[in-house]
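The values are calculated or read from the model by the stated rules, or taken from the named source; none is laboratory data. These figures come from a predicted structure and were not determined experimentally. As a convention, Cβ positions derive from the backbone with ideal geometry for all residues, glycine included, and neighbour counts pool all protein chains shown.
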Amino acid sequence: MPVLLIADDEKNIRSGLDLAFTDEGYTVITAADGKEAWDKLQKNYVDLVITDLRMPGMDGYELLKRISSSYPTLPVIVLTGHGTIETAVETMRDGAVDFFTKPVDIDKLILVVKKTVAASSLAEQNRKLSEEIEKLRKQQGYGKIIGKSGKISGLMNTVAQVAPTKATVLITGESGTGKELVADALQALSTRSSKPFIKVHCASLSQSLLEDELFGHEKGAFTGAVAQKKGRFELADGGTLFLDEIGEIDAATQVKLLRVLQEREFERVGGEKTITVDVRVICATNRDLYSEVQKGNFREDLYYRLNVVHIEVPPLRERKEDIDLLAMSFLSTFNSEDGRKIEGFTPAARKAMFSYSWPGNVRELRNAIESAVVLTRSSLIDVDDLPPQVREMKGDSSVTFTLPVTMDEAEKTLILETISFCKGNKTKAADLLGIGRKTLHRKLASYTGSDEE
C-alpha cells in the first residue's frame, strides 16, 4: 500500500489527515516539523509527501527544496494557512505537484493524492521496464531481440552457442515472430560479423530471377544480359547468406542449392567456370518444411542439409510476459522517430495488450504501438489508443459474476481469476489489477487466513 509522509506543526491537522488517509488504505508517517520529516524520509520508503509551509525550525519551503534536490521524482503537496497566488507559484516552481490552502477540502486532497500516487507508480514501472530492456540488451549482446521469457532466453542461448560456428541454420516460426532478427543475431554474434551479410527474399522472385540472383550470369547468357553479374552467393563469399522464405523455391533451384551446400561451388547462368565460395547459409520459413517433404514439394536431402541446427521462434501468445518489454521498446523507438514524448501505458492499455492473442505476433504489436504513438493526445497510451481488435481483448479472459454479489465477493473473484489468467504469476496479476504486490498478498491472506506469499 502507498506510504504518505505528513508534516505539519498543528497536531489536530496531523491527526485528522492521518485518520483520513489511513481509512483510505494508506500507510501514514507523521512529523511535527521539516527536520523531523526530513529525518524520517531518510529512513523510510515514501510515495508522497504532504507538508505545511510554515513550521518552526525547518519550514516547508526548505523541506520542499531538499526533496526536489535529493528525491526529484518524489511528489510533494503543499498546505498553508496563508495561501496567495505568489506562494502557490513559488512552491510549484520549487517542485510541488499541487497547493492547498487551509482549511483543506479533504475529499479533493484525497482525490489529488490518489491520482498523483498512481501516476508516480506508473512512471516508476515504466522506468524499471526501460532499465530492464537495457540490462537484457547488454546480457544478450544483441539489442534487437527483446524478452525475458523462458522461450526467448533459451532461444538466445542457442543463438549465442551456434553463432560462432559454420553450421547451416534453419529458422522456423509464424509470420511476424522475428525470424529475420534471429538471422541478424546469428550474423552479429558470429566470427563473420565484419564480413558480407547478404539477404534474399525467395518468395518475391520467380524461378528464373531467383536463379539469376543466387548464382549470377555471364554476359550474353540471355537477352538483356549485357554484362557479367555476380550472384548473391559470390557476393557473400567469406560471410553469410540469408535465404528468407526458403520453402517457396522451385524444384530446379532446390537441386542447384543442394549442390552449393554440398560442394561449395557453382557456375553462373550461361557460364562454364566453376566458382568456389566460403558462405555460411541461414534459412527461414513459416512453412512446415518436413510436411512439405512428405508431400513431395521439398527435397528431403536438401531439407536435411538446411536443418543442421533448427531454431524455432515462438509466437507472441506463448511469450506474453515479454509484451510489456516489447511495447516499451517500441514506444521508445517511435518516440524518437516521431518526436513524441509519450511516457508509457495505462494499466488498462497494458491489460488489453496482455489479454489479446496477437495473431500477427511481434510485427502486429509493433504496428499497434506505432499507431498509438501517432494517435494519442495524452502523455500515456490508453486502451482507446490501441487498435479495435486489441481493445476488444479477444480471448479467454472474461470474468463472470452470479448476481446478487457483494463488492468483497466480486473483488475476490476478480483477483483469483486474474491470478489464474496469469498462470499463477502474482507480480503480473498485480500489474494487470493496478495494485501493489504487497496489497495483492494482503488480500490473498485475508481469503485464506494466512500471510503466506
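Tabulated data
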item: Residues of region 97-113 that turn out to be in contact (Cβ under 8 Å) with a residue 60 or more places away in the chain and among the charged types (D, E, K, R), as a count; result: 1
item: All helices (runs of 4 or more DSSP H) inside region 297-371 with 1 or more residues being at pLDDT 90 or above and assigned by TED's automatic domain parsing to the domain that holds Arg264; result: 300-306
item: Qualifying residue in region 389-406 (condition: among the hydrophobic types (A, V, I, L, M, F, W, C), over 30 Å from Glu180 (Cβ atoms) and either modelled with pLDDT of 90 or more or in a helix (DSSP H, G or I) (or both)); result: no
item: Subset of region 98-117 [of a type in the set (A, V, I, L, M, F, W, C) and within 16 Å of Val76 (Cβ to Cβ)]; result: Phe99, Phe100, Val104, Leu109, Val112, Val113, Val117
item: Output for region 1-25, where each listed residue is modelled with pLDDT of 90 or more and in a helix (DSSP H, G or I); result: Lys11, Asn12, Ile13, Arg14, Ser15, Gly16, Leu17, Asp18, Leu19, Ala20, Phe21, Thr22
item: Scope region 153-169; condition assigned to a loop (DSSP other than H, G, I, E, B) and either over 16 Å from Cys283 (Cβ atoms) or not aliphatic (A, V, I, L, M) (or both); matching residues; result: Pro164, Thr165, Lys166, Thr168
item: Residue list for region 176-199, restricted to those being farther than 17 Å from Asp278 by Cα and without any contact (Cβ under 8 Å) to a residue 60 or more places away in the chain; result: Leu181, Asp184, Ala185, Ala188, Leu189
item: Filter result (surrounded by fewer than 21 Cβ atoms within 10 Å (Cβ to Cβ), touching a residue at least 40 places away in the same chain (Cβ under 8 Å) and of a type in the set (Asp, Glu)) within region 289-326; result: Glu292, Asp301, Glu312, Glu318, Glu321
item: Enumeration of residues in region 206-217 that are out of contact with any helix residue (DSSP H, G or I) (no Cβ under 6 Å at 6 or more places or on another chain) and within 12 Å of Asp250 (Cα to Cα); result: Ser206, Gln207, Ser208, Leu209
item: Extreme residue, farthest from Glu265 (Cα to Cα), among residues of region 212-247 that are in a helix (DSSP H, G or I) and in contact with a Leu (Cβ under 9 Å, 6 or more places away or on another chain); result: Gly247
item: Among the residues listed as Ile419, Ile435, Ile415, the single one being crowded, with 16+ Cβ neighbours inside 10 Å and outside any helix (DSSP H, G or I); result: Ile435
item: Residues satisfying the stated conditions in region 316-345, i.e. among the hydroxyl-bearing types (Ser, Thr, Tyr) and within 14 Å of the chain's Cα centre (by Cα); result: Ser329, Ser332, Thr333
item: Residue check, Ser175 assigned to a helix (DSSP H, G or I) and either among the small types (Gly, Ala, Ser) or not assigned by TED's automatic domain parsing to the domain that holds Val277 (or both); result: no
item: Restricting region 372-388 to residues that are in a loop (DSSP other than H, G, I, E, B) and under 22 Å from Gly176 (Cβ atoms), the residue that is nearest to the chain's Cα centre (by Cα); result: Leu386
item: Selection from region 158-170 of residues that are out of contact with any Lys or Arg (no Cβ under 9 Å at 6 or more places or on another chain) and within 18 Å of Leu289 (Cα to Cα); result: Leu170
item: Failed item in (1) in a loop (DSSP other than H, G, I, E, B); (2) over 28 Å from Arg363 (Cβ atoms); (3) of a type in the set (S, T, N, Q), with Ser208 passing the rest; result: (1)
item: Leading residue by the ranking (farthest from the chain's Cα centre (by Cα)) among those in region 184-205 that are over 22 Å from Asp250 (Cβ atoms) and outside any loop (DSSP other than H, G, I, E, B); result: Phe197
item: Test: Arg259 is within 22 Å of Phe197 (Cα to Cα) and either outside any strand (DSSP E or B) or among the polar types (S, T, N, Q) (or both); result: yes
item: Subset of region 48-69 that is of a type in the set (A, V, I, L, M) and surrounded by 21 or more Cβ atoms within 10 Å (Cβ to Cβ) - its residue that is nearest to the chain's Cα centre (by Cα); result: Leu48
item: Positions within region 86-111 being surrounded by 17 or more Cβ atoms within 10 Å (Cβ to Cβ), part of a helix (DSSP H, G or I) and under 32 Å from the mean Cα position of the chain (by Cα), in sequence order; result: none
item: Qualifying positions in region 149-167 - buried (at least 18 other Cβ atoms within 10 Å of the Cβ) and either at pLDDT below 80 or under 21 Å from Arg317 (Cβ atoms) (or both); result: Ile152, Leu155, Met156
item: Condition broken by Gly173, with the remaining ones in (1) within 23 Å of Tyr142 (Cα to Cα); (2) free of Cβ contacts under 8 Å to residues at least 24 places away in the same chain; (3) of a type in the set (Gly, Ala, Ser); (4) in contact with a Lys or Arg (Cβ under 8 Å, 6 or more places away or on another chain) satisfied; result: (2)
